[in-house]
1. If you average the sequence gap of Cα pairs under 8 Å that are 6 or more apart and divide by the length of segment A:399-472, what percent do you get for the contact order?
2. Please list, or write none, the lysines whose alpha carbon is within less than 20 Å of the alpha carbon of A:K531, excluding same-chain residues fewer than 8 places away.
3. Counting partner chain Cβ atoms within 10 Å of every residue's Cβ in A:510-518, what's the average?
4. Go through segment A:414-422 residue by residue and turn each phi into a ³J(HN,Hα) via Karplus (6.51, -1.76, 1.60, θ = phi - 60°); whole Hz please, and just put x for glycine and proline.
5. Assuming R0 = 41 Å, can you tell me the calculated FRET efficiency for the pair B:E55 and A:V60, based on Cβ-Cβ distance, to the nearest 0.05?
6. If you take the square roots of the eigenvalues of the alpha-carbon gyration tensor of segment B:51-173 and sort them as a ≥ b ≥ c, do you get rounded (a/c under 1.5), prolate (a/b over b/c) or oblate?
7. What FRET efficiency comes out for the pair B:Q8/B:R105, r = Cβ-Cβ distance, R0 = 45 Å, nearest 0.05?
8. Length gain on complete extension for the stretch A:S548 to A:H520, per 0.36 nm per residue less the alpha carbon to alpha carbon distance?
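None of the figures in this text is laboratory data; all of them are computed from the coordinates on show. Keep in mind that what you see is a predicted model, and the values were worked out from it rather than measured. Please note: Cβ atoms are built from the backbone with ideal geometry, for glycine as well, and neighbour counts cover all protein chains shown.
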Amino acid sequence: MATISTEMSGPNTRECKTTGLPVCLDAQFFIRANAVMAVVFLLLGGIAAVSIALTRWPAVHLLDAEWFYRLLTFHGINMLIFWILFMEIGILYFACTSLLKTPLFSRSVAWGSFGLMVLGSVMTDYIILSGEADVMMTSYLPLLAHPLFYLGIILFAVGALIGVFNFFATVFVAWKGKRYGETMPLVAFGALTAAIIAVVALLHGAIALVPTFTFAMGWTAEPDAMWYRLIWWGLGHQSQQVNVAAMVSVWYLLSYWTCGAKVINETVSRGAFVLYILFINIASAHHLLVDPGVGASWKIWNTSYAMYLAVLASLIHGFTIPAGMEVGMRIKGYTKGLFNWLWNAPWRNPGFSAFFLSLVIFGFIGGITGVTLGTQQINITAHNTLRIPGHFHATVVGGTSLAFMGLTYYVVPLLFQREYSFRWLARIQPYVFAGGIVMMSLGMSFAGSDGVARRTWDIDAAGVYGATSHLMLAVLGIGGVLAFTGLMIYVLLTVYAVFLGKSNEGSAMEDWGTPRDIVHVGDVDPEKIGKDGNAPGTMVLVMVLLLSFVVYYFANWKALADLWFVR
Amino acid sequence: MTIQSPPQDWFHWPRGHERLWIGMALVWCMIMFVMMPYWHFNGKQNSTGESYSVEPQEFVDRTLRFAEDNKVGEFKGVPIAEPPPGGDAYLLGRMWNWYPVLKLRKGETYRLHISSADLQHGFSLQPMNMNFQVMPGYDHVLTLTPTSTGEFTIVCNEFCGAGHHMMIGKILVE
């Protein structure tokens, strides 16, 4: 890894012996704290996850109805909000300090943020488990939970906002002092994108949840149920775009650390992040496509993110990230044929395999299903069926969570300065987890296509679901168990490393395995690789993606055309 | 590369494969966008969101009146109502049943009013797998033409409390 001179120095800083990056010790402390909390909530959410999956597997049908709905609520909140946001605050602190060579703006602000997030998450979890908030993550009015359920989420959101403020303040100091040079590094730019979208998302959350909290307390009138849906999804969907932006940034980071990836074109990659900021804020519409109260033109314009310009951004990253990796590998000498660079990638490095599997699962399963199901009319065949969780487990779990797991294999050695033990287990962990998530996601998607509803305890309502549905629900269950196994390997290895792992203070981390430079054969000029914007292997891969996309998309229109007529 | 400040001349228009891909992706995005207005005017399955404000109790009354006026039989204790072809039909979602059972004719078009007496519900017609949101306070009108016959089940697919999974209804088509 390249060494960069550090302008940040002083008693509160150390230089990373592996990356050469400056490490702000304040930031390091809070990254550790946030990462620990994240893993705790991942474990809690995971235990709920496997219980739910085993309930929807007809042969097992583990929980009773009450606990199924309770743990489903618990699972959604702990995974989508607590695990991911604690991780993201940690990522933001890393990006604004080490990458921008600037000390963290304020310790006390970071304490305030962390304290509120812990308080809010513990409060919410306690209320859910005590049975006072069986309302699902979305808590759609007029369904009403205990006031502390909303207060917990609000406190957590305020804590996260304060953390984001700390990030912005640090970025401002860095920008003022030109501490990182003229132009912000790409990964930090992606983190900045995530932070901007997070502010908009969290404000929507406040607008939806504060009146709901005051209503639950009996202080104000009941907010309109449709209004709540519209605003709540301003939080619910946009926070997923925060995850996308953070995940894409992590992809850029891990592809660089594990394969020496280059950025083919800074303008294109940055432009794609800007498209996220500009067009993400209308994403709420995806959830209202078969709702009353909003008309067809509103649905069409908003659900397409104004003509799919945010989808375009993801399609662009879907090219630039593998292309950057391809160019990096070709420069190292892996120039033979179309895919020599791919076969020689460090598949035994869990940071790499997690990144690459995350990219593939997010693109091929999450992305294609998401855009198709989010098509206004096609949504008639998908709304509130298992197709929806089938989609978002491929984006948020197979995509974001897996990418964050890959990142952890670097965070622990670099910022906790502890090495992983049982390294062979870590090497297979991303494959186990990814395999489980893919099975689960496909099981959900196919069962949903068969009409099986999401968020329902009875797997066979009135006997309307046939043998195919039962088979697919079994695939869901088995995939869930496999994914949980991967999750437990990750949690146990990480906890062991943090508390009992071998210290690497004062030296570089043990390399997970990175491709070495080899001698270029033939008349290749390494200086010129990628400068022309070409990446032939990646071009083939994205063509396969596009073809799959087109086939799936039009197959869904065909299926829609067979239904009853409705206007 | 990705974590360092780029060189000063970092602004470049895309070239080569990258430009080709961006162009193809943009064209695909536009095709997907055009598909929705195209289907809105030419397709037979659309969710136009036609809806009217209604007090939940008022909707309950309308549905009871509709079920009484158009009753043609009973299905497990629930009245079966057969609306006139081309006419209005009412379907009430409430914790935890659908009321009444509807009897429709294939090829005829109905204005089906759906709303809720209490929480949000999900109208999920099986095995057709057509899904619409049901909101209290909103009279959601689906202009519906059955194109197949048989016994269809309405499953609630929006979580509505402890008995959510027991909320089953029927539509019979002749």
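1. 25 percent.
2. A:K531 reaches A:K262, A:K332, A:K336.
3. 0
4. Each residue of segment A:414-422 in turn: 7, 10, 8, 6, 10, 9, 6, 9, 6 Hz.
5. 0.40
6. rounded
7. The computed FRET efficiency comes out at 0.05.
8. 6.6 nm
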